[in-house]
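The values are calculated or read from the model by the stated rules, or taken from the named source; none is laboratory data. Note that the coordinates shown come from a computational prediction; the quantities given were computed from them, not determined experimentally. Glycine also receives a Cβ, built like all others from the backbone with ideal geometry; neighbour counts cover every protein chain displayed.
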Amino acid sequence: MLRKPVSKVEVLDDSNRRIVNVFDVQRDPHLSIRLRDALCFTPYAEQEFLRAREPSTNPMEDAQRTLAVFPRSIEQASESLCRLMLAGMTRQGFNQAIRSCNGSGAMTKLHHRSGSTGALALSLPFWLRQPLAAISDAIAGVSFVAIFAAAASYLAGLEPIHALSLSPLVIGLVMGIFYANTLHDQTPDEWRAGIAFSAKQVLRIAIVLYGFRITFQDVGAIGVDGFAVSLIMLSSTLIFGSWLGRKVCRLDAETSLLTSAGAAICGAAAVLATESVLRSKTAEHKAVIAVAMVVSFGTLAMFLYPLIWKGIASLPTSSWMHMDARTFGIYVGGTIHEVAQVVAVPASIPGSERAMADSAVIVKMTRVLLLAPTLLLLSVHLSRSETRSLSTADKTGSRVPRFALYFLAVVGMNSLYAFPHYALRLIDEFDTFLLTIAMTAIGMSTVFSKFKGVGARPFIVALGLFLWLSIGGFFVTQGVTHLTRTIA
């Protein structure tokens with residue numbers, strides 16, 4: 001009998017009513033706050049354990065002693081009982097304070113966490129400690145992501161990587177994914193709020209600042225044909241990609257939409273902006289798939305388009321397939337995914353005319369400007385779809401993204417030419433860093449095990465979009481430019 005293992009289930013007598021007292025204190029709004037703070041500063045020490053074994057006439061003090069003694073008891077059943085008691089307490093602040101009752105039974109996580117700020121926390125009122133702790137944790141999480149983003153920005157500036165025109169966003173995404181699938185379990189739980197903030201709120205700020213890269217004058221300078229190509233390719237790519245993903249490849253609507261948005265508008269930034277409009281817990285992981293597809297085929301286009309120009313330039317000017325430098329620039333800006341890739345194509349063509357680079361960048365910026373109207377229309381469409389699917393319309397809130405309106409306002413301010421060139425350059429660099437932070441944070445929440453069953457369907461959709469942009473876009477550009485010249 002003495003060699004018999006300790007039972008996994010043990011009945012404990014609560015004749016002294018100490019366990020019931022814990023729940024009584026938790027139900028009191030004032031005493032529960034005091035109990036939470038007392039537990040935050042309960043050390044893992046023998047003296048504390050011996051003191052906690054003795055009951056107290058003070059209800060709050062007795063509850064603190066009860067929760068301090070159970071995780072440190074010798075019996076395994078006591079540890080299980082402690083976890084059961086904590087599971088029944090639903091207040092978020094209280095759960096956060098005592099969730100450190102872990103497998104070893106040591107209430108040490110919050111104690112160590114408060115070590116650096118313990119003196120400050122003790123000098124603050126009870127009602128102020130929890131908000132400050134949450135802010136401190138959020139700052140720590142954002143700073144953690146920012147370190148990765150800074151490393152990605154440094155790597156993107158190295159000559160071998162810079163020659164491939166890989167943006168810091170892509171490198172940050174890869175670094176985040178690597179971390180998520182190797183060291184993710186080492187991330188403190190308190191930092192996860194900051195990582196989520198980086199993937200959501202920092203992203204919205206970056207999209208708004210993206211408006212400093214374009215003016216309404218740029219759109220007017222490209223002419224009717226350039227704007228028409230941008231509008232036709234954007235709308236047709238969104239429609240074709242959604243149809244191909246949902247109807248042909250049987251892919252979910254969100255992944256189809258995110259992939260189509262990235263190909264139609266401005267690559268990874270458009271994927272992130274579209275993901276912020278969707279209200280889905282799995283949208284972040286699907287955004288990673290879309291970004292991977294868009295970046296892959298955008299990089300392929302960056303190497304393919306100079307070869308296309310080489311073939312076109314060798315054709316006689318009387319051929320319908322022939323393009324001048326300006327028309328080819330419209331084709332490049334209207335069909336390639338990322339802004340950096342659009343800039344890289346004319347730069348990689350020896351002896352290319354300035355008109356090619358100018359028209360390519362302006363048409364691409366026109367597609368970027370259309371991001372805000374696209375998000376607004378998408379939000380209205382999704383809101384109407386939700387309203388029809390619900391019995392009452394008040395079960396859903398408005399999806400209209402305010403950051404899209406702010407984006408248009410920033411474009412309007414930038415169109416006034418009120419900012420000096422060096423200030424715009426600094427804003428552009430800062431905005432790229434914020435986008436890198438957002439992309440890195442999304443990568444940190446990407447675990448490969450969540451993508452089981454996806455298969456090759458996203459690849460097929462991205463391939464179909466690439467073929468439409470490169471082949472269909474060529475004929476659309478030729479048709480629109482010939483039509484406008486005929487009318488003129």
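For the stretch 295-311, what are the residues that are at pLDDT 85 or above and either under 14 Å from Pro346 (Cα atoms) or in contact with a Gly (Cβ under 9 Å, 6 or more places away or on another chain) (or both)?
Within the stretch 295-311, Ala301, Leu304, Tyr305, Pro306, Leu307, Ile308, Trp309, Lys310 meet the criteria.
Only one of Ala134, Ala140, Ala163 is surrounded by fewer than 20 Cβ atoms within 10 Å (Cβ to Cβ), more than 19 Å from the chain's Cα centre (by Cα), over 30 Å from Leu304 (Cα atoms) and without any contact (Cβ under 8 Å) to a residue 60 or more places away in the chain. Can you tell me which?
Being surrounded by fewer than 20 Cβ atoms within 10 Å (Cβ to Cβ), more than 19 Å from the chain's Cα centre (by Cα), over 30 Å from Leu304 (Cα atoms) and without any contact (Cβ under 8 Å) to a residue 60 or more places away in the chain holds for just one of Ala134, Ala140, Ala163, which is Ala134.
For Met293, are the conditions met, namely being farther than 21 Å from Leu376 by Cβ and in a loop (DSSP other than H, G, I, E, B)?
no
What are the residues in the stretch 198-230 that are closer than 27 Å to Leu132 by Cβ and free of Cβ contacts under 8 Å to residues at least 60 places away in the same chain, if any?
Correct list: Gln201 only.
May I ask you to list the residues in the stretch 354-381 that are farther than 21 Å from Gln341 by Cα and surrounded by 17 or more Cβ atoms within 10 Å (Cβ to Cβ)?
Hits for the stretch 354-381 are Ala372, Thr374, Leu375, Leu376, Leu378, Ser379.
Scan the stretch 308-323 for residues that are surrounded by 14 or more Cβ atoms within 10 Å (Cβ to Cβ) and among the small types (Gly, Ala, Ser) and jot them down.
The one that is surrounded by 14 or more Cβ atoms within 10 Å (Cβ to Cβ) and among the small types (Gly, Ala, Ser): Ala313.
Just to be sure I understand the filter: pairs with C-beta atoms under 8 Å, separated by 6 or more residues or on different chains, first member in the stretch 311-332 and assigned to a loop (DSSP other than H, G, I, E, B), second member buried (at least 17 other Cβ atoms within 10 Å of the Cβ) and modelled with pLDDT under 90. Which pairs pass?
If the second residue must be buried (at least 17 other Cβ atoms within 10 Å of the Cβ) and modelled with pLDDT under 90, the pairs left are Met321/Ile312; His322/Ile312; Met323/Ile312.
Among the candidates Gly176, Gly194, which residue alone is buried (at least 21 other Cβ atoms within 10 Å of the Cβ), touching a residue at least 60 places away in the same chain (Cβ under 8 Å), in contact with a Gly (Cβ under 9 Å, 6 or more places away or on another chain) and part of a helix (DSSP H, G or I)?
Gly176
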